[in-house]
Amino acid sequence: MEKKGPTGGGTVFNELLAMYEEPLFLKVIIGTNLIALFSFLAMSVPLTLLAYWNPQWVRPYRIQSREPHYGRLIRGSLIHLGRNFAVAFLLSVLSWPLLRLTGIHDGPLPAWYVIVAQVVAFAIIDDFLFYWAHRWLHEIPFLYKAVHSIHHQVTTPIAITGNYMHVVEFLIISTLVFVGPILFGAHVITIWIWVVVRQWEAASQHSGISVPWTPTHMIPLYDGPAYHDFHHSKFYGNYSSLFSYTDTLFKTKSKKYDEYRRTKDRGTTTIEDPFQKINH
């Protein structure tokens, strides 16, 4: 009796299964998601504890004088964090057949200067796209009410609230993070480095603490955690995540932020004054 060949459906299933058995799947999907989660926790938990303990040397560098609601914010952050990463992980697994068709690879490691240049490019691309996504989340009433208002339940941020957001917003931000690597066909190690940098950004920008002598203040056009903290206090303006040029270029910088920055640099700000709520 002649043996029948595999059916078309079986062939498609076997091909699909083979995609998920590729080493690159483990590195890009499993590895990247784990690195994103644990790097965020590794950076946000110590910064959150530092804000909670509030030692004497930290107090001059607290951005706001208002005390965060630690219990509510930590509980809410952990719930959002667990749910958001679970959904993002599932969707990234489902997207693998498409993602593997991009130039992302695990071949020979690029030179260190190529990795650095690409990570800088990723930051510029991501920040520009984040600016517009963030601005539209504010300016489209339905999106603000249904999605972004969750993140703005946080008015006095602490580091763990960096991913305190609606799952739709989390998926938008996570997708934007991958735009640069896809455009450049990046090495998986470069992607891991970029993801750690992006999670540092999420934790530090929500830390509520701005220490002037940290090396990150040497980054051009970067104003430190106070820039995004000001957005949480005012609710409008200062839409960019890392660099401030987009808000300057498109005239969406929060009113009184420049005044706050000048007085802060001279050491004459009282901290309370810049954070009184205004419309813009």
- May I ask for the angle, rounded to the nearest 10°, between helix 257-266 and the longest principal axis of the chain, with both axes built from Cα atoms and the value confined to 0 to 90°? 60
- Message: Using only the alpha-carbon atoms, what does the range 147-211 span along each of its principal axes? Please give whole angstrom values in decreasing order.
- Response: 38, 31, 12
- Item | For Ser254, residues with placed amide H under 5 Å, excluding near neighbours | Asn238
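Sort 68-75, 40-47 by the packing proxy (mean of other Cβ within 10 Å over each peptide's residues), most packed first.
40-47, 68-75
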- Message: Rounded to whole Å, give me the distance from the Cα center of the range 55-102 to that of the range 139-172.
- Response: 10
- Query: Once Lys and Arg get +1 and Asp and Glu get -1 on their Cβ, which of Phe40, Leu50, Gly82 lies farthest toward the positive end of the dipole of the range 24-92?
  - Reply: Leu50
- Message: Over the chain, what is the relative contact order in percent, taking alpha-carbon pairs closer than 8 angstrom and at least six residues apart?
- Response: 25
- Item | Lysine pairs in the chain with Cα atoms under 25 Å, if 8 or more residues apart or on separate chains | 20
- Query: Averaged per residue, what accessible surface does the chain expose to a 1.4 Å probe, in Å²?
  - Reply: 52
- With Rh as the Kirkwood radius over Cα pairs, the range 163-254 has Rg/Rh of 0.98
- Could you give the length gained on full extension between Lys255 and Val120, defined as 0.36 nm per residue of separation minus the Cα-Cα distance, in nm? 45.7 nm
- Query: Fully extended, how many nm does the chain gain between Thr214 and Leu16 (0.36 nm per residue separation, minus their Cα-Cα distance)?
  - Reply: 66.5 nm
- Item | J(HN,Hα) series, the range 83-88, from Karplus relation 6.51 cos²θ - 1.76 cosθ + 1.60, nearest Hz, glycine and proline x | 5, 5, 5, 5, 5, 5
- Item | Globularity index of the range 4-122, i.e. its alpha-carbon radius of gyration over 2.2 N^0.38 Å | 1.59
- Query: For the range 1-107, which GluC sites (Glu not before Pro) are in a loop by DSSP, counting at most 13 other Cβ atoms within 10 Å?
  - Reply: Glu2, Glu21
- Query: For the range 81-214, what class follows from the C-alpha gyration tensor (a ≥ b ≥ c being the square roots of its eigenvalues): rounded when a/c is under 1.5, otherwise prolate if a/b is larger than b/c, else oblate?
  - Reply: oblate
- Roughly how compact is the range 116-181, stated as its Cα Rg over 2.2 N^0.38 Å to two decimals? 1.19
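The values are calculated or read from the model by the stated rules, or taken from the named source; none is laboratory data. What you see is a predicted model; the values in this text were computed from it and never measured. Neighbour counts run over all protein chains shown; Cβ positions are idealised from the backbone, glycine included. With ligands, DNA and RNA removed, areas are computed over all heavy atoms of the protein, side chains included. Shrake-Rupley method; radii C 1.70, N 1.55, O 1.52, S 1.80 Å.
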